[in-house]
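Have a look at the structure below before the remarks.
All of the numbers you see were taken from the coordinates with simple rules; none came from a lab. The structure presented is a predicted model; accordingly, all values stated were derived computationally and were not measured. Every residue, glycine as well, gets a Cβ built from its backbone with ideal geometry; the counts of neighbours run over all protein chains shown.
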Amino acid sequence: MRPLAIVILVIFVAAGLVLGALNADLVDYDLAFARMQLPKGAALLGAMVIGWLLGGLTAWVGVSMRQRRQRRQLRADQKSPLAP
């Protein structure tokens, strides 16, 4: 499984490099608290990284909440006097 993940990662990195190279035009961005001028490729890469981080954080929170709920239920089942 790991070699497949590495191959997929390399493909996405290569696609990102090509995307960044083809979109080298500078674009103005106004973030309400700051103005900046970035290449389109860098802005797209930044948006992808932020999305990846937010998606990973959301998945981690969901999994950890489910595991916490399962542990709590297991402890409640073990303390129950009606347990066989």
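A few points about this structure:
- Mean residue ellipticity (222 nm) of the chain, computed from DSSP H runs ≥ 4 via -39,500 (n - 2.57), nearest 500: -26500 deg cm²/dmol
- Loop-located chymotrypsin sites (Phe, Trp or Tyr not before Pro) in segment 1-76 (DSSP state other than H, G, I, E, B) with a sparse environment of at most 13 neighbouring Cβ atoms within 10 Å: F33.
- Taking 0.36 nm per residue of sequence separation and removing the Cα-Cα distance, the A76/V49 pair yields an extension gain of 5.7 nm.
- Amide H to amide H distances under 5 Å link L38 with V27, Y29, where only residues 5 or more positions off or on other chains count and H is placed in the peptide plane.
- As a rough footprinting exposure proxy, the listed residues L31, L22 were ranked by other beta carbons within 10 Å of their own, and the order from fewest upward is L31, L22.
- Acute angle (nearest 10 degrees) that the helix 2-22 long axis makes with the longest principal axis of the chain, alpha-carbon atoms: 30 degrees
- Matching label, percent of Cα pairs over 22 Å apart computed from the structure shown, candidates (i) 70; (ii) 31; (iii) 57: (iii)
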